[in-house]
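The values are calculated or read from the model by the stated rules, or taken from the named source; none is laboratory data. These figures come from a predicted structure and were not determined experimentally. Here Cβ is always computed from backbone atoms with ideal geometry, including for glycine, and neighbour counts include all displayed protein chains.
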Amino acid sequence: MSRKYGFKWRCSGGTCKLTGPYGTGLNMSVCQELASRVGPLEYYYNSAGMRWTKTENLALLTQCNSVVKKS
(Lines give C-alpha, C1' and ligand atoms only; values in the text may rest on other atoms or scores of the structure.)
Protein backbone atom coordinates (compact mmCIF):
# COMPACT_ATOMS: atom_id res chain seq x y z
CA MET A 1 0.00 0.00 0.00
CA SER A 2 2.68 2.55 0.91
CA ARG A 3 6.41 2.72 0.66
CA LYS A 4 6.67 6.29 2.00
CA TYR A 5 8.16 5.14 5.32
CA GLY A 6 9.61 1.86 4.03
CA PHE A 7 6.64 -0.30 4.98
CA LYS A 8 3.77 -2.05 3.23
CA TRP A 9 0.19 -2.57 4.39
CA ARG A 10 -1.73 -5.68 3.38
CA CYS A 11 -5.45 -5.18 4.02
CA SER A 12 -8.27 -7.69 3.73
CA GLY A 13 -11.67 -7.98 5.38
CA GLY A 14 -11.24 -4.93 7.61
CA THR A 15 -7.86 -6.00 9.00
CA CYS A 16 -4.54 -4.56 7.91
CA LYS A 17 -1.15 -6.11 8.62
CA LEU A 18 2.11 -4.23 8.31
CA THR A 19 5.43 -5.46 6.98
CA GLY A 20 8.69 -3.55 6.82
CA PRO A 21 11.31 -1.87 9.01
CA TYR A 22 9.01 -0.29 11.57
CA GLY A 23 10.45 -1.59 14.87
CA THR A 24 8.60 -3.26 17.72
CA GLY A 25 6.63 -0.31 19.10
CA LEU A 26 3.60 1.53 17.82
CA ASN A 27 4.55 4.31 15.45
CA MET A 28 2.55 7.52 14.94
CA SER A 29 3.69 7.94 11.31
CA VAL A 30 2.64 4.38 10.52
CA CYS A 31 -0.71 4.81 12.27
CA GLN A 32 -1.42 8.08 10.48
CA GLU A 33 -0.46 6.61 7.11
CA LEU A 34 -3.05 3.87 7.58
CA ALA A 35 -5.74 6.20 8.95
CA SER A 36 -5.27 8.58 6.02
CA ARG A 37 -5.92 5.68 3.63
CA VAL A 38 -8.76 3.80 5.33
CA GLY A 39 -10.42 6.40 7.57
CA PRO A 40 -10.50 6.77 11.36
CA LEU A 41 -9.23 3.77 13.28
CA GLU A 42 -11.11 2.31 16.25
CA TYR A 43 -7.92 0.73 17.59
CA TYR A 44 -4.26 0.24 16.71
CA TYR A 45 -2.21 -2.52 18.30
CA ASN A 46 0.70 -4.88 17.82
CA SER A 47 1.50 -8.47 18.70
CA ALA A 48 3.67 -7.33 21.63
CA GLY A 49 0.53 -6.19 23.48
CA MET A 50 0.84 -2.44 22.93
CA ARG A 51 -2.46 -0.75 22.05
CA TRP A 52 -4.11 2.55 21.34
CA THR A 53 -7.87 2.27 21.91
CA LYS A 54 -10.75 4.33 23.31
CA THR A 55 -9.91 2.92 26.76
CA GLU A 56 -6.11 2.73 26.52
CA ASN A 57 -4.03 5.65 25.21
CA LEU A 58 -7.00 7.54 23.75
CA ALA A 59 -4.89 10.69 23.21
CA LEU A 60 -2.53 8.76 20.92
CA LEU A 61 -5.41 7.20 18.96
CA THR A 62 -6.96 10.66 18.59
CA GLN A 63 -3.65 12.07 17.33
CA CYS A 64 -3.37 9.19 14.86
CA ASN A 65 -6.88 9.88 13.51
CA SER A 66 -6.27 13.64 13.27
CA VAL A 67 -5.03 13.20 9.69
CA VAL A 68 -8.40 11.92 8.48
CA LYS A 69 -10.21 14.57 6.47
CA LYS A 70 -13.70 15.28 7.71
CA SER A 71 -16.44 15.41 5.10
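Go through segment 24-40 and report how many residues are touching a strand residue (DSSP E or B) at 6+ places or on another chain (Cβ under 9 Å) and in a helix (DSSP H, G or I).
Number satisfying all stated conditions: 7.
Take segment 14-40 and flag every residue that is over 17 Å from Val68 (Cβ atoms), modelled with pLDDT under 80 and not charged (D, E, K, R).
Thr15, Leu18, Thr19, Gly20, Pro21, Tyr22, Gly23, Thr24, Gly25
Within the bounds of segment 41-59, is there any residue that is modelled with pLDDT of 90 or more, part of a helix (DSSP H, G or I), of a type outside the set (D, E, K, R) and at negative phi?
Within segment 41-59, one or more residues are modelled with pLDDT of 90 or more, part of a helix (DSSP H, G or I), of a type outside the set (D, E, K, R) and at negative phi.
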